[in-house]
Amino acid sequence: MSDFRYHPIIEDLKINEDGTVILLKGQSINIYEHAHGKTKKGRKVVTINQKTLTTTRLTLEAWQGVKPSGEMTARRVDENGGDHYSNLYWGKTGSTASNQKDNPSHDARRKLTREIYEDINARCAKETKKSLFKEYGIDSSTYYQSKFYEKDK
């Protein structure tokens, strides 16, 4: 049987050590997977008082305390380590490995200059855009989401 702790803010809310069981006034709350637009992985959430809250946040608040500032969010030490409170910490928003400056997708966006963009447009009549993207080390989303790209009006 796992241990439970009370949530410091929400009255009568108890969370077990890995956020798999959440009880409000002794009744189990339904935990469901919420598709997250920024990642391919979903996140586990619950609805309490008409608010959607992540189980990682609730677990962290119950076991380690409320977040120190508004710019903090619940993070995992090891992304594959699960949601046990010992694997969670308060980290600055946007501080995951995929958001770091040395991430290849960020580097690709920096590589796309106006000159490269115009060269791709000039050469695409004779070559495929896919081969040109590969040559310059960018992907199609970098090209189509760039500030240089003008959609058909």
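The values are calculated or read from the model by the stated rules, or taken from the named source; none is laboratory data. All of these numbers come straight from a predicted model, not from anything done at the bench. All Cβ positions, glycine included, derive from the backbone under ideal geometry; neighbour counts span all protein chains shown. Just the protein is used for accessible areas: all its heavy atoms, side chains included, with ligands, DNA and RNA removed. Shrake-Rupley method; radii C 1.70, N 1.55, O 1.52, S 1.80 Å.
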Thr128 fails exactly one of (1) modelled with pLDDT of 80 or more; (2) open to solvent by less than 70 Å² (accessible area, probe 1.4 Å), namely (2)
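Hey, any hits in region 8-29 for a residue that's of a type in the set (Lys, Arg) and under 18 Å from Asn87 (Cα atoms)?
We begin by selecting, within region 8-29, every residue of a type in the set (Lys, Arg); these are 14, 25.
So of that shortlist, the ones also under 18 Å from Asn87 (Cα atoms) come out as none.
Looking for residues that are of a type in the set (Lys, Arg) and under 18 Å from Asn87 (Cα atoms), one finds none in region 8-29, hence no.
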Pairing a residue in region 19-31 that is over 16 Å from Ser2 (Cα atoms) with any residue that is assigned to a strand (DSSP E or B) and open to solvent by 50 Å² or more (accessible area, probe 1.4 Å), where Cβ atoms lie under 6 Å and the two sit 6 or more apart in sequence or on different chains, gives Ile31/Lys44
**Prompt:** Somewhere in region 82-93, is a residue among the aromatic types (Phe, Trp, Tyr), open to solvent by 80 Å² or more (accessible area, probe 1.4 Å) and at pLDDT 85 or above?
**Reply:** yes
Of the candidates Thr73, Thr52, Thr59, the one satisfying the condition of being hydroxyl-bearing (Ser, Thr, Tyr), over 14 Å from the mean Cα position of the chain (by Cα) and within 20 Å of Lys92 (Cβ to Cβ) is Thr59
Among strands (runs of 3 or more DSSP E) entirely within region 38-86, at least 1 residues that are over 14 Å from Ile10 (Cβ atoms) occur in 43-48, 72-76
Of the conditions (1) of a type outside the set (Ser, Thr, Tyr); (2) surrounded by 12 or more Cβ atoms within 10 Å (Cβ to Cβ); (3) at pLDDT below 85, the single one that Lys40 does not satisfy is (2)
